[in-house]
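Report on the following structure.
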Amino acid sequence: MRQITYTLLLLSLGWLGCTAHRGALDYPDREAIYDRPLAEMWPEVREFFTRNQLPFREDQGSMVLETDWRQEFGGSKISGFFHRYMVVGRRETPTSSKLQIFRITKSLNKTLANSGNQVDWSPTRAWDMGPRGPRSEEEKDAYLAEPTQPQSAPLTSSEDWEEVIATPRGETSFFAESGQGQRDLVMEWRVFREVAPLLAKEENAPKPVRVAKAPSAKEAPSQFAVECGLPIIGLGKQAKPGAVLLLGEVHGTREVPRFVAQAACQAMVAGTPVTVGLELPLENQGRVDAFLDSQGTEADWLKLMEAPFWRSPYPDGRGSEAMANMLEHLRQLRSQGLDVDVFVFDHPKANGQQREDAMAATVAFQVESSPQRFHVVLSGNIHSRTKKGLPWDPQHRPMGLLLKEKLDDVVALDMAYATGTTWICSVDSKGVKSSLDCGVREAKGKDNGSRFFVHTWDSVNSEGYHGVFYVGSVNASAPAVQRGLGRPGADDNTVHPASDQGSRVAFVR
């Protein structure tokens, strides 16, 4: 009977006939229920985390474990975000059970913290969640259904945790002087896909998803070895081979480059190779290629930053510290064996329609040359539109429109965000149109929480966008050269550790 139930569940979720990357990346709309009692399911869950090299500590007898901290994007020394899982086993019925997995995120970058909050790195905070003293059999049964915490913990029961998770303030803020916790349904289903067949002794169980391995890599990490951040809601519908995702941004924020790096990481971990397109001058391609293949040393950073682009007298946000850090994130992912590539496509010597035509031709060539890859193309939100005309030029044909006419699978998303700041160039305060004033500006948006997500509409809007990508509250990112030359952290007050700091990490103050 249990074998039949498991088979029906697989069919209801559309496993049969579905491609691996969709199943691995789509955001679930339901909980995963195990057709086994909690006591029978839990040992396989523990074995799952051990097998996938996710070290953990366990509160014995409580069906609760907590993994060690992992830094976002693997070994990246500049991400500043750290994640761990809290895994709670719950009894659904006497013969069935479920897991609730909470991703807890911390950042040492205090510019992202709410006023008055501090980071608590204590490994014992909210630990040893079991009740004190001996327990009767009835108390043990009740505890397995609803674990509780001791008085020393900041929250007194699992309901308190669920209240926090139900109304989070997001990855880039803090709770109880610590990190944020959010329910990670994607991870719950990844565990289920591997554990449930073992419990059911299913001989034809789906094989684990293989990450997109770089052609030059001798080996690639497992799906669970790389930390890509909290899953981006809605990304799974867009991330597929041959698809082109145009992201129209407001330049000069920290959040958009992180969104791009997370999207690339999550797609590769789900099995799809990724190419990222950046609105940087074409003459920078050789330096970008060399940097991605490098060890990321100070000399490698100097070679990247020697290009005139990074020292423009009018830094419009494309050469921000966050953009440079994103290249470092992608370099780290490639060094771990993941299949990521980067190309640049701006033609700054061209103007108006000629520039749009040239950029579209460069992007189209890259896409047509590698149709098996997922392309994420980041540009200013003027270029990524897929409809003709601008307020000052009704005949203007943006790059997005040209790509939509030439390629089969193009989706254009406009940037959505909550109010914050950005680094942009605009007409100076004296109104001299021939002069640009570059710096931090207020960016007014609409607050839709702090979770990254992708949302598409039933039809395109008046500007030719199919939907939005949302990045939460935005924070300005200054030009990389204002943070110092060469490798970030080389005595230049950035977020990369200097050579004599060992494992310590320095962050923006």
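The values are calculated or read from the model by the stated rules, or taken from the named source; none is laboratory data. Not measured: the values here are computed from a predicted model. Every residue, glycine as well, gets a Cβ built from its backbone with ideal geometry; the counts of neighbours run over all protein chains shown.
Assorted remarks:
- Within segment 409-449, the set of residues being modelled with pLDDT under 85 and basic (K, R) comprises K430, K433.
- The residue that is surrounded by the fewest Cβ atoms within 10 Å (Cβ to Cβ), counting only those in segment 460-481 that are hydrophobic (A, V, I, L, M, F, W, C) and not in a loop (DSSP other than H, G, I, E, B), is V481.
- Here Q354, Q366, Q262 are screened, and the one residue that is at pLDDT 95 or above and touching a Cys at 6+ places or on another chain (Cβ under 7 Å) is Q262.
- Selection within segment 26-40 - assigned to a loop (DSSP other than H, G, I, E, B) and closer than 30 Å to K237 by Cα: D26, Y27, P28, D29, R30, E31, A32, D35
- From G445, G449, residue being outside any strand (DSSP E or B), in contact with a strand residue (DSSP E or B) (Cβ under 9 Å, 6 or more places away or on another chain) and at positive phi: G449
- Within segment 215-251, the residues that satisfy the criterion of being assigned to a loop (DSSP other than H, G, I, E, B) and of a type in the set (K, R) are K218, K240.
- Counting only helices (runs of 4 or more DSSP H) that fall entirely inside segment 274-338 and contain at least 2 residues that are of a type in the set (A, V, I, L, M), in the same structural domain as A364 (by TED's automatic domain parsing) and over 24 Å from the mean Cα position of the chain (by Cα), the qualifying elements are 298-305.
- Here the condition is being farther than 30 Å from E368 by Cα and not in a loop (DSSP other than H, G, I, E, B); of R190, R258, it holds for R190 alone.
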